[in-house]
Amino acid sequence: MSRAPYASFNLAAHIGDAPAAVEANRRRLARATGLGPDRLVWMEQVHGAEVATVEDPRPEPVPGTDGLVTGAVGLVLVVLVADCVPVLLADPAAGVVAAVHAGRVGAAAGVVPRAVEAMAAIGATPAGTDALLGPAVCGECYEVPEQMRAEAEARLPGSATTTRRGTPGVDLRAGLASQLAALGVARVVADPRCTAEDPELFSHRRDGVTGRQAGVVWIEP
Ligand SMILES: [Zn+2]
């Protein structure tokens, strides 16, 4: 329902899109899950490493957090992105899921290990956990200064790349896949799509003012 520059399935409020359009898009997302809009839990994402465990619906976004964990059935965890990596985690046997916002800063701060720890606190195990890394800006597009690449590589080994232009770059999904493997998460799948290259996806890096897509995870009732 959103119009340019948020066209058309923008799910983020507070980035300048018409509230009625965002609300209609969110209702559509809720319908796709088969659950009511009140079952969707949102985060006020701040590129940090805070992770919140939630067991009940929230009328407002969880403040200042970049990871949500739940063991509650039918509670839909939502992460908003437009180049950062949406990381979805699930331990089906334990009945624990997580949605994580992992951009360069949050990933370096350790938001993904924090989420894996929070999942373990309510019964999940890394060996029993599946991870999906959603669409994000790819290592051939994500150009950064040399020092930033070195810092990313130090905090998130495996993330240093060279871009298509031959300049220093960062591949967050490669770094996160290595990190998850090191944590003992055996099954890691990455959606290969690059937000900056795929016109079907929002990319902050490509377009500046734009919308946000969502990664969602929930336990089926
Ligand atoms: Zn790319």
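Of all residues in region 130-164, those satisfying the criterion of being within 11 Å of the ligand (Cβ to nearest atom), over 16 Å from Pro86 (Cα atoms) and either free of Cβ contacts under 8 Å to residues at least 60 places away in the same chain or in contact with a Lys or Arg (Cβ under 6 Å, 6 or more places away or on another chain) (or both) are Glu140, Glu143, Thr161, Thr163, Arg164. Within region 105-123, the residues that satisfy the criterion of being open to solvent by less than 10 Å² (accessible area, probe 1.4 Å) and out of contact with any Asp or Glu (no Cβ under 7 Å at 6 or more places or on another chain) are Ala107, Val112, Ala115.
Give me a count of the residues in region 160-185 that are part of a helix (DSSP H, G or I) and within 16 Å of the chain's Cα centre (by Cα).
Taking region 160-185 and keeping what is part of a helix (DSSP H, G or I), we get 172-182.
This time we only want the ones that are within 16 Å of the chain's Cα centre (by Cα), so: 172-177, 179-180.
Number of matching residues: 8.
Exactly one residue among Val116, Val144, Val111 is of a type in the set (Val, Ile, Thr) and under 13 Å from the mean Cα position of the chain (by Cα), and that residue is Val111. Filtering region 186-201 to residues that are surrounded by 14 or more Cβ atoms within 10 Å (Cβ to Cβ) and part of a strand (DSSP E or B) leaves Val188, Ala190, Cys194. For region 127-142, the set of residues classified as open to solvent by 40 Å² or more (accessible area, probe 1.4 Å) and more than 25 Å from Val69 (Cα to Cα) consists of Glu140 only.
This table checks each residue for (1) buried (at least 19 other Cβ atoms within 10 Å of the Cβ); (2) closer than 14 Å to Val137 by Cβ; (3) more than 12 Å from the ligand (Cβ to nearest atom).
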residue	(1), (2), (3)
Gly169	yes, yes, no
Gly184	no, no, yes
Arg206	no, yes, no
Arg212	yes, yes, yes
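The values are calculated or read from the model by the stated rules, or taken from the named source; none is laboratory data. Just so it is clear, the structure is predicted and the values come from calculations on it, not from any experiment. When we count neighbours, we look across all protein chains shown, and the Cβ atoms used for this are built from the backbone with ideal geometry, even at glycine. The area values use the complete protein model at the heavy-atom level, side chains included, leaving out ligands, DNA and RNA. Shrake-Rupley method; radii C 1.70, N 1.55, O 1.52, S 1.80 Å.
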